[in-house]
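**Student:** This is the structure I want to talk about, given as structure tokens.
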Amino acid sequence: MAQNFQQIQVIERLIGCINYLLENQDEADDAAWWTTQEAQRCLRQLAMGESSQAFTSDELGISVGEQKKLVFASFRGPLDDFQILLQKAVKSLAADAVVSRIQLVLLVGDMKDRIVLEHTFDQKFCRETADSIKKEIKRKKFRITRTVILTKNCPEQYIRLTGLNRINMLLEPKISAAINLEREYFEPQIFDPEEYDAPVDLQSLVFSVDLYQLVELYNLIGDQLFQNNVRFGIDETMGVEQSIRRTLQREPWHFLLKNGGITLLVQEDESTDAACCTDELILGKLSPDAAPGFSVVNGAQTITTAAQFFYELAYWKEHGDTAEAQRCADHFDMAKQYARVLVKIIQIPRDERAKQLAKEISVSLNRQKPIRMEDIAYTTPAVHQLTEYLRQAREAGQVPYQLLRRGEDVNDGHSMTLIEFVRARIACAGFPGDARSKGGSELLRTEYQKDGTLGFLREDLFSQKWLETGEVPAVFRRDYGGVWFTHQTAKAYEKARQPVRSEEELAVINNGKWLFAAALANRYLGEIRPGASGPDFSNFSALFEAIRDKLPEAIPLFARLTVLCAHAYLPEDEINSNLFKKNSLYPNLCGALRGRFSSQDGGWDQEAHTLAERLAELLGFPAVSDQSPAALRTPPFPAAAGVQELPLEAGCVVINGEILKVQTGVQALVQVVTHVLSTYSIDPERLERQLGSWLTRDRSKVQEGVGAFRQCQAVKLPGADTVWVGTSTNSRAKRGQMKALCRLSSVPKGSMCWYPANTVEPLFVW
């Protein structure tokens, strides 16, 4: 009988964990799915089975929609058997043609197992499994994700926090129940106490404590530690986890200063009273047959990330080589010794009103004004120096605008937000499709550099040269000289656009704002001299005020010219909004505005020529030296490479001054890979680890034929070595592959570039 009772308690705890997961994903099922005989059978196996078990959401009676299914699996080893079990369950669900997404919910008993599973069944495993299934069942859209849940059934015991820093402890007075409630504001003279709820006796304590204590508490209790946290399952998009890990690894003694802290709701009445006279605090009593009487309502991400950090180090202490094990042991001991965190305890009485108040407090604490990527970007050295330069330069009358932080309200017509600046920057740098389609969180995504400073994943946004040399004015003019003009043009475009009859031209009018602004900035350059990351705007002198009144007439001409370019160079693409999310049309349109327009048969298109001339006359474009269709391109590094001109009609890769003709992006990628791997040494393991999704020495990846390896090219290297290049990617992706390889191999800048056929500007420059 005792065993049966214990079994019931374990199953109920598991039900609570599953329901908690569903609620955090807004997929809570109103039906009592766990009451059916089949669900109880599955739950018993998941909770008490001697070996690993796996059941689908259909078997448990959980409804999450037709297109998504869940697989619940309890891990009890060994790993190989567990993997086979998961793959079998996934394939059974994938047989249904309606299913397009499967979530693996992996149930573990402690953090050690959790770390093992997170290392084994990572994003790469999910992606490769999904690709294999897509190939097998011939499905275009199919995705696999995974979530690891820590489930625990703890013996009865008291939970204490010890080593409290009483010097930093504050005992706050009792506060009203109306905490942060969203009410209409009442003037004092009409204040009515009856409008407010009766106060609830609350006390709070603030102190610092060793972070590792909370990590051990999480390992003891599991995800039930966050039972009252309204957003425990929040997605990681802002680099918070990266920052937490970095602080723990490099400077754990500063963790208290760099972390917002932890807030717990505690229901034990005697807890706060005891803490006032001792360095120990009793949070509550754990019992196998009841949920904990305390909960973390703010700071769940801090605790879970710290737990992963500590237990990953513990994992590699056991499984790494001698040097790695010692390094991990040192990091573990240092972080455990020095990392402290600020903890706020809010005592909640045990009644129904207090329960409601606990929910309100949790909502309030998780409803702060969110930090966006734009806010984080302002903390980078590049943006800080840019902002300071613009402030000084505007005061001196050298630039007409300044940068505003999010929330600043300066309506003087001479300001931009950082995201507006970035969109204009990448547009006039040659990527108007990115300016239109990419969100701020993607454009401004940051990462820590090797020197410990915060930088941007996208290297073409902010030049680091001025940080090294102090040549701010020169670098600013070169990279950002066209930004203000591009921003003003794009901003005025919406009001200046005119209706047209053609559906294709209307699509251009409605979606071509950034393409129009970028193309005009390019055309006003006169001679194109590429800089470090795009055209050189050092001598850019165009003024938006000179063309403001001409935009209503210019935009319809631009729309017609764009349609002609699309028909000539991108005949397979429809002229709709999706075309303007890409950058493929931009170089051809720039060439057309310079009088370089060839139709597919090589003949000169008179209508396009006439439109380009009308726009040049209307907008006052500077003259170009060569109006013929066989105009020559200037490479991005003529002096260094010794190359003076390149034919427009031929695609080519230029490597250290040598011109290699290529017909396709595949040929260009293969040429770059061959040169880099034959010339520069790179650790094979590092190459596989960072570029293995498209570049490998592993023949089995090629045979599987998934991802980029659906199509591939073999490259013979010196010493009879062979690598395979996955080429099943678009041109933009190939550009990214080339850059990643050059960056990893430390290829000197100014070494190579790639011009697709019939383009004025290179698609890839290094």
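**Student:** Among LEU265, LEU551, which comes first, then next, by fewest other beta-carbon atoms within 10 Å?
**Tutor:** Sorted ascending by nearby Cβ count, the order is LEU551, LEU265.
**Student:** Measure off 7 Å from each Cα along the Cα-to-Cβ vector at SER287 and HIS119, then give the distance between these two points in nanometres to one decimal.
**Tutor:** So the two model labels end up 3.9 nm from each other.
**Student:** With 10 angstrom as the radius, rank ARG127, ARG477 by how many other C-beta atoms surround their C-beta, starting from the fewest.
**Tutor:** The fewest-first ordering by Cβ neighbours comes to ARG127, ARG477.
**Student:** Most exposed first by the Cβ proxy, i.e. fewest other Cβ within 10 Å, how do ILE221, ILE426 rank?
**Tutor:** Taking fewest neighbouring Cβ atoms as first place, the list is ILE221, ILE426.
**Student:** Quickly work out the LEU618-to-THR162 label distance, labels modelled 7 Å from Cα along the C-beta direction, and quote it in nm with one decimal.
**Tutor:** About 8.0 nm, to one decimal.
**Student:** Separate question: When a/c is below 1.5 the answer is rounded, else prolate if a/b is larger than b/c, else oblate, so apply that to the range 28-151 with a ≥ b ≥ c taken from the square roots of the Cα gyration tensor eigenvalues.
**Tutor:** oblate
**Student:** Whose amide H sits under 5 Å from the amide H of THR417, counting only residues 5 or more places off or on another chain, with H placed in the peptide plane?
**Tutor:** Result for THR417 returns LEU404.
Laboratory data are not the source of any read-out in this text; all were calculated from the coordinates shown. Please read these numbers as outputs of a predicted model, since none were measured by experiment. We place every Cβ from the backbone using ideal geometry, glycine too, and count neighbours over all the protein chains shown.
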